[in-house]
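Structure first, then comments.
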Amino acid sequence: MTSPLQAFKYTRKDTFLDSLDPRSKFFLSISLLLISLFTQSITVQLAVIGSTFLLVAAAKRLRQWVPTLQAITPLVLLIFAVNLLFSTPPSLAYAALMSLRFLAVTAAFSMFFLTTTPDDLALALEQSGVPREYSLMFTMSLRFIPTLAEDVETVGAALMSRGFKLDEGNIIKRAKNYVYLLVPLIVYEVRRSLMIAEALEARAFGASEKPTRVKELKMRARDYIVLAASLLASFSPQIIMWLGLNPP
Amino acid sequence: MDAAIVVDRVHYVYPGGVEALRGVSLRVAKGEFIAIMGENGSGKTTLIKHFNGVLKPSSGRVVVDGVDTRKAPISVLSRKVGLVFQNPDHQIFSETVWEEVAFPMRNYGFPEEVVEERVERYLRIMQLYKYRDRSPFLLSLGEKKRLTIAAVLAYDPEIIVLDEPTAGQDYLQKEQISGIMNLLRTMGKTVIVVTHDVEFVVQHVDRIVLMSQGRVIAEAPPSKALTDPSLLARARLMPPHLARLAIQLSRRGVYSLSGYPEIGDVVDQVLKRWAR
Ligand SMILES: Nc1ncnc2c1ncn2[C@@H]1O[C@H](COP(=O)(O)OP(=O)(O)O)[C@@H](O)[C@H]1O
Ligand SMILES: [Mg+2]
């Protein structure tokens, strides 16, 4: 499986983050996102990445998390280069800020998906009032990201096995080459989704508006603590400023 | 004899960490017909994907017609090794059945009149000529499978590798594929077939390579491999009915087993005993 997509794949473990309600975990990631979006400070971006690192380390997921960040490094560098070239006047600090921001946001959301089961995610969506069809759509698309990545590889290999030079020529030629990949892929994925739809209906999906659940999500004390801490963290740059201490 | 493919102590680990091949060595001579058999997940598909460089060994090496697969791109290796993958849906790219067979020949720069002649020939052999203007995606599974076989045979590679060619085919279609195997043999091609189809193997191959858990556990002609219950048990293969019957009869001293049993021969021997 391609490593960037490993980022969103849940593996079962028993740590503090795993024991949290998905809603409070989501809020935690959102607050990291907010801090990252609203600060202009490189130090704060680094702090966001650093604290995410600590959280992920506590959740024992570094082995999946670090490769993700490595895999998006080319993208980070691209963002850096583009911002350096197109900012007026060209500013190293600005380019660094933008690329670190991207890194921070990916890091935070990767943490969320690495520690939340798709089932919990679906439950959280439903209990937040999202209709079952949509919550299922969301979790199924997550579930099929790795499968899709495998299909891309297999179809690419099959194309090259017919003498097709997929990775040769200039950028435009290559982009055109990938159109060949899309045809079998789209046909295949559409067919697969129809099959899934049939299978779902055969299992009486949609027979009742609100199916019963074995498990109900319940916020516990630790969840409220995380919520409060996240909320506080979201405003921490403002708080620091308020206290008259300029953030670095 | 010259080697078509040499596999030398190959290990392969998938990016996810599964070690699918654990030290496979294998030599396929030019013009040889072999079958790779073994339970699901034993590494057959992983192994044959090494033959045209779709996968490169994690350690060890694969040499095809004198070329190390790590040193040549898939499109170049595929000119020598035609690989028909297991799932036809992953290897159909064109808008019509006709174009699908022409596709590899166009990639390899065959002259147009050759393309026309070969597309027609192989579509007829595979009984797909009547569908030539249809979308390949609308064919049945068995038809798609034969179409992908036609597309590979048409560009005439020296070595042909088929992953479960008879899966999804009915009796008559299997007979057609068998006919093509005979044709390939007269053409002197090297053929490697991954299959669970024991009848097919008995009919066509010189040698069976049995795999289990990422290793080759035995190599033997079908007459030997398919009548050795303990070997088959290790590869989690069920001996064919005829072989099971022959083994049972020979244990009871009613039949003497030598090579792969022939049904007529079994009947004759049993009747002879009966008469006495
Ligand atoms: N793309 C892949 N990624 C990770 N593991 C794989 C992949 N393809 C196959 N495997 C694993 O490798 C092993 C061998 O698989 P495969 O070669 O397909 O076996 P076979 O063709 O004999 O059924 C299995 O354990 C399978 O789960
Ligand atoms: Mg297989």
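The values are calculated or read from the model by the stated rules, or taken from the named source; none is laboratory data. Keep in mind that this is a model prediction, so the values were computed, not measured. Glycine also receives a Cβ, built like all others from the backbone with ideal geometry; neighbour counts cover every protein chain displayed. Remember, those area values only see protein heavy atoms, side chains included, never the ligands or the DNA or RNA. Shrake-Rupley method; radii C 1.70, N 1.55, O 1.52, S 1.80 Å.
Whole Å is fine, so just give me how far the alpha carbon centre of region A:33-64 lies from that of region A:185-248.
For region A:33-64 versus region A:185-248, the Cα centre distance is 19 Å.
Based on a Kirkwood Rh over C-alpha pairs, give the Stokes-Einstein translational diffusion coefficient of region B:1-52 at 10 °C and viscosity 1.306 mPa s in µm²/s.
Numbers: Rh = 12.0 Å.
Approximately 132 µm²/s, per Stokes-Einstein.
What is the average number of partner chain Cβ atoms found within 10 Å of a Cβ in B:77-84? Numbers along the way, then the final one.
Details: counts 2, 5, 1, 0, 1, 3, 4, 2.
Per residue, the number of nearby Cβ atoms from other chains is 2 on average.
Determine the gain in length on full extension of the stretch B:S58-B:V18; use 0.36 nm per residue of separation and subtract their C-alpha separation, reporting nm with one decimal. Intermediate results must be reported in sequence, preceding the final value.
Details: separation 40, 0.36 × 40 = 14.40 nm, distance 1.18 nm.
Computed gain between B:S58 and B:V18 is 13.2 nm.
Can you pull the three principal axis extents for the Cα set of the protein assembly as shown, in Å, largest first?
Result for the protein assembly as shown: principal-axis Cα extents of 109, 58, 47 Å.
Take every residue in peptide B:86-95, count the Cβ atoms of other chains within 10 Å of its Cβ, and give the average of those counts.
Details: counts 1, 5, 2, 10, 12, 8, 6, 10, 3, 1.
Partner-chain Cβ atoms within 10 Å, mean over residues of B:86-95: 6.
Expressed in nm², what is the orientationally averaged projection area of the convex hull enclosing the Cα positions of region B:26-124?
Details: hull surface 32.6 nm².
For region B:26-124, averaging the hull's shadow over all directions gives 8.2 nm².
Going through the cross-link list A:K13/A:K176; A:K173/B:K56; B:K71/B:K145; A:K60/A:K218, which pairs have a Cα-Cα distance over 32 Å in this structure? Let's see the in-between values first.
Details: A:K13/A:K176 43 Å; A:K173/B:K56 26 Å; B:K71/B:K145 30 Å; A:K60/A:K218 24 Å.
Beyond 32 Å: A:K13/A:K176.
With labels modelled as points extended 7 Å from the Cα through the Cβ direction, what inter-label distance (nm, one decimal) is found for B:Q203 paired with A:L37?
6.5
If each residue of separation counts as 0.36 nm, what is the full-extension length gain between A:A228 and A:Q127 once their alpha-carbon separation is subtracted?
On the way: separation 101, 0.36 × 101 = 36.36 nm, distance 2.07 nm.
Length gained between A:A228 and A:Q127: 34.3 nm.
Of the heavy-atom accessible surface of region A:118-217 (probe 1.4 angstrom), what whole percent is carbon and sulfur? Spell out each step's value before the answer.
Numbers: 4040 of 6370 Å².
Accessible surface attributable to carbon and sulfur in region A:118-217 totals 63 percent.
What translational diffusion coefficient, to the nearest whole µm²/s, does chain A have by Stokes-Einstein, given a Kirkwood radius computed over alpha-carbon pairs, a temperature of 25 °C and 0.890 mPa s viscosity?
117
Based solely on its DSSP helices, what 222 nm [θ] is calculated for chain A when runs of n ≥ 4 H residues each add -39,500 (n - 2.57) and the sum is averaged over all residues, nearest 500 deg cm²/dmol?
Numbers: 12 runs with 183 residues, N = 248.
One gets -24000 deg cm²/dmol as the mean residue ellipticity at 222 nm.
How large is Rg over Rh for region A:42-89, taking Rg from the Cα atoms and Rh as the Kirkwood inverse mean of 1/r across Cα pairs? Don't jump to the answer; show the numbers that get you there.
Details: Rg = 13.8 Å, Rh = 12.4 Å.
My calculation of the ratio gives 1.11.
Send over a whole-number figure in Å² for the accessible area per residue of region A:118-217, probe 1.4 Å.
Numbers: 6370 Å² over 100 residues.
Per residue, region A:118-217 has 64 Å² of solvent-accessible surface.
Stretched out fully, how many nm does the piece from A:F235 to A:T15 gain, at 0.36 nm a residue minus the Cα gap?
On the way: separation 220, 0.36 × 220 = 79.20 nm, distance 2.69 nm.
That pair, A:F235 and A:T15, stretches by 76.5 nm at full extension.
What is the log10 of I(q)/I(0) for region B:143-259, computed with the Debye formula using one identical point scatterer on each Cα and no solvent, at q = 0.17, 0.21 Å⁻¹?
Relative scattering, expressed as log10 I(q)/I(0), comes to -0.92, -1.22.
So for each of A:163-172, A:196-205 I average, over its residues, the number of other beta carbons within 10 Å; can you give me the resulting order with the highest mean first? Intermediate values should be presented prior to the final figure.
Working: A:163-172: 13.6, A:196-205: 10.9.
Packing order, densest peptide first, comes out as A:163-172, A:196-205.
Counting only protein heavy atoms and a 1.4 Å probe, tell me what percentage of chain B's accessible area is made up of carbon and sulfur.
The computed percentage sits at 51.
Hey, what number do you get for chain B at 222 nm if only DSSP H runs of n ≥ 4 count, each worth -39500 (n - 2.57), divided across all residues, to the nearest 500?
Working: 11 runs with 108 residues, N = 276.
So the helix-based figure for chain B works out to -11500 deg cm²/dmol.
For chain A, set up a GNM with springs between Cα atoms under 10 Å and report which of A:T139, A:T73, A:T154 has the largest fluctuation.
A:T154
Suppose R0 equals 45 Å; then what is the FRET efficiency for A:D167 and B:I247 from their Cβ-Cβ distance, rounded to the nearest 0.05? Display every interim value, and only then the final one.
On the way: r = 52 Å, r/R0 = 1.16.
In this case the efficiency is close to 0.30.
Which ³J(HN,Hα) values in Hz, rounded to whole numbers, follow from the phi angles of region A:161-174 under the Karplus curve 6.51 cos²θ - 1.76 cosθ + 1.60, where θ = phi - 60° and Gly and Pro get x?
5, 9, x, 7, 8, 5, 9, 10, x, 6, 4, 5, 4, 5
Taking one equal scatterer on every alpha-carbon of region A:17-160, how large is log10 of I(q)/I(0) by Debye at q = 0.10, 0.18, 0.20 1/Å?
-0.45, -1.10, -1.19
Pairs of Cα atoms under 8 Å, at least six residues apart: use those to get the relative contact order of region B:1-53, whole percent.
Working: 61 pairs, mean separation 17.6, N = 53.
It comes to 33 percent, rounded to a whole number.
Translational diffusion coefficient, Stokes-Einstein: compute it for region B:53-199 using the Kirkwood radius over C-alpha pairs as Rh, at 37 °C and 0.692 mPa s, and state it as an integer in µm² s⁻¹.
Working: Rh = 15.9 Å.
Rounded to a whole number, D works out at 207 µm²/s.
Could you state the accessible area per residue of chain B in Å², with a 1.4 Å probe and every protein chain left in place? Please report the intermediate quantities before stating the final value.
Details: 12330 Å² over 276 residues.
Ligands and nucleic acids excluded, the figure is 45 Å² per residue.
Under a 5 Å amide H to amide H cut-off, with H placed in plane at 1.01 Å, what residues pair with B:R215 once short-range neighbours are removed?
Residues meeting the amide H criterion: B:R22.
State the answer as a single residue: which of A:F164, A:S230, B:V81 lies farthest towards the positive end of the charge dipole of the protein assembly as shown, with beta carbon charges of +1 for Lys and Arg and -1 for Asp and Glu, about the Cα centre.
Of the listed residues, the answer is A:S230.
What average number of partner chain Cβ atoms lie no more than 10 Å from the Cβ of the residues making up B:217-225? Walk me through the numbers before you get to the answer.
Details: counts 0, 0, 0, 0, 0, 0, 0, 0, 0.
Average neighbour count from other chains, rounded to a whole number: 0.
P(r) for region A:61-120, please, calculated from all Cα pair distances in 10 Å bins and given in %.
22, 41, 24, 11, 2
For the interface of chains A and B, what total accessible area is buried with a 1.4 Å probe, rounded to the nearest 100 Å²? Working shown, then result.
Numbers: alone 15580 and 13280 Å², together 26860 Å².
Buried area between the two chains comes out at roughly 2000 Å².
Let me check I have the definition right: for chain B, take the eigenvalues of the Cα gyration tensor, multiply each by 5, take square roots. What are those semi-axes in whole Å, largest first?
Values: eigenvalues 236, 122, 50 Å².
Semi-axes, largest first: 34, 25, 16 Å.
Which percent of Cα pairs goes in each bin when the distances of region A:118-217 are cut into 10 angstrom slices starting at zero?
13, 33, 24, 17, 11, 2
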